[in-house]
1. Sorted by mean Cβ packing within 10 Å, highest first, what order do the peptides 25-36, 250-261 take?
2. Scan around D113 for amide H atoms under 5 Å from its own, H built in the peptide plane at 1.01 Å from N, and keep only partners 5 or more places away or cross-chain.
3. With +1 on each Lys and Arg Cβ and -1 on each Asp and Glu Cβ, how big is the dipole of region 217-286 about its Cα centre, in debye rounded to the nearest 20?
4. Let me check I've understood the local charge: for G124, count other residues with C-beta under 11 angstrom from its C-beta, Lys and Arg +1, Asp and Glu -1. What total comes out?
5. Could you tell me which of the pairs K35/K62; K4/K35; K7/K35; K4/K62; K123/K218 are separated by over 19 angstrom between their Cα atoms in the structure shown?
6. For W19, W2, W159, give me the order by solvent-accessible area with a 1.4 Å probe, most accessible first, ignoring ligands, DNA and RNA.
7. Would you be so kind as to identify which of A134, C233, T76 lies farthest towards the positive end of the dipole of the chain, taking Lys and Arg as +1 and Asp and Glu as -1 on Cβ and the Cα centre as origin?
8. For n ≥ 4 DSSP H runs only, could you compute -39500 (n - 2.57) per run for the chain, divide by its residues and tell me the 222 nm figure to the nearest 500?
Amino acid sequence: MWVKVIKVHELGGPEVLSWEEVEIGDPKEGEIRIKNKAGVNYVDIYYRTGLHRAPLPFIPGKEAVGVVSAVGPGVTSFKVGDVVSYADNPMGSYAEEQIIPASVAIPIPPAIDYKTAASVLLKGMTAYVLVRQAFKVQRGHTVLVHAAAAGVGSLLCQWANALGATVIGTVSTEEKVGQATQDGCRHVIVYTKEDFVTRVAEITSGEGVHVVYDAVGKDTFQGSLACLMSRGCMISYGQSSGSRPDPVRLSDLAPKSLILGRPGLMHYTTNHDELLQAASEVFASIMAGVLQVHSNHVYLLSEAARVHKDLEARRTSGSIVLIPDGQRL
């Protein structure tokens with residue numbers, strides 16, 4: 001069968017996202033085919049530009065929810081018509097339909113709608129790893145979250161606030177202050193107008209924060225280290241500024257006994273049990289009202305280039321979903 005996809009043949013700007021038709025077959029042993037509704041994540045841009053590497057050509061996209069349209073031999077856990085999702089691997093969700101290993105598919109609870117599921121799984125499991133695994137946020141902690149109105153940032157703020165932390169968030173524009181406040185930020189800094197290092201020192205009376213969650217990269221990295229209190233933890237999980245941070249000497253961490261980490265979701269979901277545990281934490285938090293998913297933007301799959309332009313220009317907030325042309329959520 002033939003399906004429409006977005007394909008990348010060369011690295012570059014949004015213009016390299018090509019709208020094409022490709023042929024896919026039936027699922028093989030242990031595989032299923034799903035009709036996609038894809039989540040958009042900043043990591044998709046990293047692959048398009050070459051900051052992260054993938055063999056060319058490739059179909060981008062690391063997250064989707066969809067209805068199972070075919071089941072390969074040996075698959076007993078799913079049937080045609082089931083609603084499932086997956087996140088992180090394999091790449092290729094910018095497609096009307098996609099074949100994935102049944103082992104990475106996650107059943108969607110009936111209480112979670114398509115739009116929410118397509119918006120949240122990768123971002124939500126990332127947030128779970130960051131606040132519950134890489135650094136365990138506790139009541140009384142003070143937390144700094146960069147890009148607080150972005151997809152992962154929004155969930156981090158909500159989760160940390162629910163755990164009893166005082167959350168400081170940074171955003172790029174005044175328009176995003178309201179969402180960050182709604183998501184649990186006690187203090188919001190518009191970093192394009194204020195020096196966030198100075199403001200954090202003022203807010204914490206010079207003590208600093210217990211942990212910084214930084215998805216921006218080079219532009220904020222050294223400032224983030226400066227915001228930490230003694231024995232504080234710096235968690236770097238992205239580089240939306242487009243540049244990796246400069247190398248850090250271990251001796252630079254010594255004056256305050258700082259801890260520096262770069263966790264990746266794949267290392268916390270190394271088997272099916274860990275994957276289901278992370279997903280269940282996310283879905284349970286949504287159903288309990290701990291997490292509100294801001295699915296603020298829906299685009300057609302053929303508009304993927306415009307999505308990337310808007311995302312890079314910081315014209316979006318919350319989560320983004322791509323749907324096949326002619327379909328509805």
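1. On the way: 25-36: 18.2, 250-261: 12.3.
Result, highest mean Cβ count within 10 Å first: 25-36, 250-261.
2. Under 5 Å from the amide H of D113 lies no amide H from a residue far enough along the sequence or on another chain.
3. Working: 6 positive and 6 negative charges, 72 e Å.
Charge dipole of region 217-286: 340 debye, to the nearest 20.
4. Numbers: positive: K123; negative: E63, E281.
Neighbourhood net charge equals -1.
5. Numbers: K35/K62 15 Å; K4/K35 11 Å; K7/K35 17 Å; K4/K62 17 Å; K123/K218 21 Å.
Where the Cα-Cα span goes over 19 Å, the pairs concerned are K123/K218.
6. Values: W19 95, W2 150, W159 10 Å².
My answer, sorted largest first, is W2, W19, W159.
7. So the residue we want is C233.
8. Details: 9 runs with 89 residues, N = 329.
So the calculated ellipticity at 222 nm is -8000 deg cm²/dmol.
The values are calculated or read from the model by the stated rules, or taken from the named source; none is laboratory data. Values in this document were obtained by computation on a predicted structure and should not be read as measured data. As a convention, Cβ positions derive from the backbone with ideal geometry for all residues, glycine included, and neighbour counts pool all protein chains shown. Keep in mind that these areas ignore ligands, DNA and RNA; they rest on the heavy atoms of the full protein, side chains included. Shrake-Rupley method; radii C 1.70, N 1.55, O 1.52, S 1.80 Å.
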